[in-house]
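Inspection log for the structure reproduced underneath, given as structure tokens.
The values are calculated or read from the model by the stated rules, or taken from the named source; none is laboratory data. What you see is a predicted model, and the numbers here were worked out from it, not measured in a lab. Cβ placement follows ideal geometry from the backbone for every residue including glycine, while neighbour counts extend to all protein chains displayed. The area values use the complete protein model at the heavy-atom level, side chains included, leaving out ligands, DNA and RNA. Shrake-Rupley method; radii C 1.70, N 1.55, O 1.52, S 1.80 Å.
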Amino acid sequence: MKVGTIALVTLLLAGCATARFHSEEELATVGRDCGLALGELFQDESEKRLVFLFKPGATIEQRACVVRWARKNRLKTVIVEAINFPEES
């Protein structure tokens, strides 16, 4: 194989890399940098490609900050506005 072909294959494979699970400390740092409280930014180990922003009423700046970080880390942002729990009867 030529060196150019090897480089191209390597680049293509790098694009297929799976997302990694970030530690609580990493997410806490990102959250703090974006103006979030502890626990408002998290990942679920079962779906590593997603990062969840759970902050009802998050500002546009907070959302944009999380989305920018997620894109840099090849993640999709899920913004949770509210959860409606069914009433118990």
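Scanning region 33-47 for residues that are exposed (fewer than 13 other Cβ atoms within 10 Å of the Cβ), of a type in the set (D, E, K, R) and outside any strand (DSSP E or B) yields ASP33, GLU45.
If you check LEU50 against the conditions, is it touching a residue at least 24 places away in the same chain (Cβ under 8 Å), in contact with a Lys or Arg (Cβ under 7 Å, 6 or more places away or on another chain) and either surrounded by fewer than 12 Cβ atoms within 10 Å (Cβ to Cβ) or part of a loop (DSSP other than H, G, I, E, B) (or both)?
no
One residue is enough: does region 63-74 have a residue meeting the conditions assigned to a loop (DSSP other than H, G, I, E, B) and open to solvent by 100 Å² or more (accessible area, probe 1.4 Å)? Yes, region 63-74 contains a residue that is assigned to a loop (DSSP other than H, G, I, E, B) and open to solvent by 100 Å² or more (accessible area, probe 1.4 Å). Residues in region 75-89 that are surrounded by 10 or more Cβ atoms within 10 Å (Cβ to Cβ) and part of a loop (DSSP other than H, G, I, E, B): LEU75, GLU81. If you go through region 1-32 and keep only what is open to solvent by 100 Å² or more (accessible area, probe 1.4 Å) and modelled with pLDDT of 90 or more, you end up with GLU24, GLU25, ARG32.
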